[in-house]
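*Asks:* Encoded as structure tokens, here's the structure I'll be asking about.
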Amino acid sequence: MLPDSTVTANPPRLYSPEERARRDGTRWTLVQGILAPAQFAIFLISLILVLRYLGTGEGYGAATVSVVIKTAALYLIMVTGAIWEKVVFGQYLFAPAFFWEDVFSFAVIALHTAYLVALYGGMLTPAGLMWLALAAYGAYVINAGQFILKLRAARLQMAAPGVAQ
């Protein structure tokens, strides 16, 4: 039996019309739209500083401060993102539309938090901390990619013929 072509041709919408209206009407969408690129810029600067330290042994303090700032930005975007999800979907986390992104976000938070615990607990060498930061950053890149792909899919769905704006 052949698969139903309507299932593949018409994937489920990311937002219902009501959810789209709530998304477009809340200030939290703007907050997320500002915080996401800001966090990415912080990540890029921090990545350069971490790689510099690992490559040269210089700049440990700057690299450390940058990872702490990146982690604070992550916490901020996660809290405001949960508020956004509550406003748009009616629940703070794990709304069906963003379930897997939220699941992986917890891995990202766990790695960043492990960095802070290891830093303040003196549990790793400076190099060990920087390698842990790189692991956290790798997970962050994957998670950011998940969100970018999801938002791209939403834009493509909105641009599809017959979709009410």
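*Asks:* With respect to A95, determine if the residue is in contact with an Asp or Glu (Cβ under 6 Å, 6 or more places away or on another chain) and either closer than 19 Å to R155 by Cβ or modelled with pLDDT under 95 (or both).
*Replies:* yes
*Asks:* Do any helices (runs of 4 or more DSSP H) entirely within the stretch 11-102 hold 1 or more residues that are within 12 Å of the chain's Cα centre (by Cα) and within 21 Å of V117 (Cα to Cα), and if so, which?
*Replies:* The helices (runs of 4 or more DSSP H) meeting that bar are 27-56, 60-89.
*Asks:* For the stretch 63-85, what are the residues that are free of Cβ contacts under 8 Å to residues at least 12 places away in the same chain and loosely packed, with under 15 Cβ neighbours inside 10 Å?
*Replies:* Selection gives V65, A72, V79.
*Asks:* Let me ask something additional. What do you reckon, is A110 more than 21 Å from L44 (Cβ to Cβ), over 12 Å from the mean Cα position of the chain (by Cα) and either in a helix (DSSP H, G or I) or not hydrophobic (A, V, I, L, M, F, W, C) (or both)?
*Replies:* yes
Residue by residue, here is whether (1) touching a residue at least 60 places away in the same chain (Cβ under 8 Å); (2) within 30 Å of L49 (Cβ to Cβ); (3) surrounded by fewer than 15 Cβ atoms within 10 Å (Cβ to Cβ); (4) of a type in the set (A, V, I, L, M) holds:
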| site | (1), (2), (3), (4) |
| --- | --- |
| L93 | no, no, no, yes |
| E101 | no, yes, no, no |
| L111 | no, yes, no, yes |
| Y115 | no, yes, no, no |
| G121 | no, yes, yes, no |
| A127 | yes, yes, yes, yes |
| Q146 | no, yes, no, no |
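Matching residues to (1) closer than 23 Å to A82 by Cβ; (2) touching a Pro at 6+ places or on another chain (Cβ under 6 Å); (3) loosely packed, with under 12 Cβ neighbours inside 10 Å:
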{"site": "Y15", "(1), (2), (3)": "yes, no, no"}
{"site": "D24", "(1), (2), (3)": "yes, no, yes"}
{"site": "W28", "(1), (2), (3)": "yes, no, no"}
{"site": "Q32", "(1), (2), (3)": "yes, no, no"}
{"site": "I48", "(1), (2), (3)": "no, no, no"}
{"site": "G61", "(1), (2), (3)": "no, no, yes"}
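The values are calculated or read from the model by the stated rules, or taken from the named source; none is laboratory data. Given the structure is predicted, the values throughout are model-derived calculations rather than measurements. Glycine gets a Cβ as well: all are built from the backbone with ideal geometry, and neighbour counts include every protein chain shown.
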